[in-house]
Amino acid sequence: MKEMKRILVVKAMVLGAVACSISAVGFAADVDTQHIQALDNTQQNVQRTDTQDAVRSNWMDRTDIKVGTQSKMGEQVSVDTLQPLTHYDENSKSVLFVQGGIGKGGQERKVSYFSGVNGGAWYPLDPTTGKGKKRKDQLMTYETHKIGTVANVGLGYRHLSKNEHAYVGINAFVDRAFSENANRLSGGVEYVSGLNEVRVNMYRGLGSASIKHRSIQLHDDYFDFQPDPWGSRPTVDDPLIGSSAGVDYYDGHKVLSGYDISYARTFKNARWARVQLGLYRWNGHDVPTHGEYTKEPLHLGKSHGWQVGTTLQITPHISLDLGYTSDSKYDSGAYGFIKYTLGTSKFAWHGGKHSDDTITNARARMLDKIERSPMMIGNTYEERWSVVPGDILP
């Protein structure tokens, strides 16, 4: 009997020890689980905060002042801004935004033609004598100038992929050149995947080619005629013998249509650097001249070319845009711009991040400004001279 009691006591002690062990293991496991969960929550909170910081920006961060120069175009300056119209944070998968800008820029491509009636002589002013100097060769020249003040405004929409490694976007813009009273529409699509970016823009000039005509009458005091062999001086002021002189001026302009395609790439550990290659084509049109027999058409504005460049974010406020444009007919040459951001950029060579694993390149560029070609205007100018001095009549 005593032996049985002793066995029961031992069993009870063993079962109690096992129960205590199980309880201790369970308590320890629960403590470890709580500790792990606390660590996970801390890490998630840190990651969430980092992601929020990576996408957080204000209107100043998206507003730039750009100053620079382009070969054969001279100095250019502009102010651009982009502002979201819908809420955008670290959880948003899409954004609707408005972008606008104003500045001195754009290009006027001008063709000028000088001739006399029926391919005859014309008389440009000679500044050394103050008189019209006779020329018998017809002359056609090509020039490129700045347009002046150009403003633009547009709407854009971008949508991220499920894993946030890519986005697609569409946009539509209207441009206005005030000094030329000219307008242009454009539409574009863009695709960003990984560190690669592809964009296509189509441009449509509004209005047809317009020609303004004016004419003036010329008199003897304008010309530097040579006397004939008999010593009599020719005259254009005697209508009784059929002499006369005048010049007709024809000014025309048209906003050019065309398209551009560009490819750009950033770098994982140097997201402050970006390289870009682009192709473009501008449609032209032919404007007939006004001579009775000799009509040399003015081939206006048609060209194509390529552009290569790089954008370097030097500091959170300052970036450099450098490159070269090669055109089949007009303004080949280098360009360089300095851009000052009123706010700051997340990535910069000095004073900013070089890389960031908490945000993909696609999400980082959801509020980047849309890049477009400058407004192009084709301008025609013609001088048609009709000079009949009296000495050539029978």
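The values are calculated or read from the model by the stated rules, or taken from the named source; none is laboratory data. What you see is a predicted model; the values in this text were computed from it and never measured. Cβ: placed from backbone, ideal geometry, glycine included. Neighbour counts: every protein chain shown. With ligands, DNA and RNA removed, areas are computed over all heavy atoms of the protein, side chains included. Shrake-Rupley method; radii C 1.70, N 1.55, O 1.52, S 1.80 Å.
Within segment 243-259, the set of residues being closer than 30 Å to residue 180 by Cα and either in contact with an Asp or Glu (Cβ under 9 Å, 6 or more places away or on another chain) or open to solvent by 30 Å² or more (accessible area, probe 1.4 Å) (or both) comprises 247, 248, 249, 250, 251, 252, 253, 254, 255, 259. Test residue 141 against the stated conditions and say whether it is farther than 29 Å from residue 362 by Cα, more than 18 Å from the chain's Cα centre (by Cα) and hydroxyl-bearing (Ser, Thr, Tyr). Spelling it out, residue 141 is indeed farther than 29 Å from residue 362 by Cα, more than 18 Å from the chain's Cα centre (by Cα) and hydroxyl-bearing (Ser, Thr, Tyr). Looking only at segment 304-354, residues that are in contact (Cβ under 8 Å) with a residue 60 or more places away in the chain and touching a strand residue (DSSP E or B) at 6+ places or on another chain (Cβ under 8 Å) come to 25 in all.
Residues are listed down the side, and each one gets a yes or a no for (1) part of a strand (DSSP E or B); (2) in contact with a helix residue (DSSP H, G or I) (Cβ under 8 Å, 6 or more places away or on another chain); (3) modelled with pLDDT under 95:
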residue	(1), (2), (3)
69	yes, no, yes
76	yes, no, yes
81	yes, no, no
91	no, no, yes
99	yes, no, no
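In segment 293-318, which residue that is open to solvent by less than 70 Å² (accessible area, probe 1.4 Å) and within 16 Å of the chain's Cα centre (by Cα) is nearest to residue 380 (Cα to Cα)? Ranking the qualifying residues of segment 293-318, first place goes to 305. The sole residue among 201, 171, 183 that is in a strand (DSSP E or B), farther than 24 Å from residue 275 by Cβ and in contact (Cβ under 8 Å) with a residue 60 or more places away in the chain is 183.
Applying the set (1) open to solvent by 40 Å² or more (accessible area, probe 1.4 Å); (2) touching an Asp or Glu at 6+ places or on another chain (Cβ under 7 Å); (3) not in a loop (DSSP other than H, G, I, E, B) to residue 129 leaves exactly one unmet item: (3).
Conditions tested, residue by residue: (1) of a type in the set (Asp, Glu); (2) open to solvent by less than 50 Å² (accessible area, probe 1.4 Å).
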{"site": "180", "(1), (2)": "yes, yes"}
{"site": "186", "(1), (2)": "no, yes"}
{"site": "189", "(1), (2)": "no, no"}
{"site": "201", "(1), (2)": "no, yes"}
{"site": "207", "(1), (2)": "no, no"}
{"site": "210", "(1), (2)": "no, yes"}
{"site": "214", "(1), (2)": "no, no"}
{"site": "219", "(1), (2)": "no, no"}
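In this structure, residue 110 does satisfy being under 24 Å from the mean Cα position of the chain (by Cα), among the charged types (D, E, K, R) and over 25 Å from residue 338 (Cα atoms). If only one of 377, 370 is at negative phi, in a loop (DSSP other than H, G, I, E, B) and β-branched (Val, Ile, Thr), which one is it? Criteria check complete, one pass: 370.
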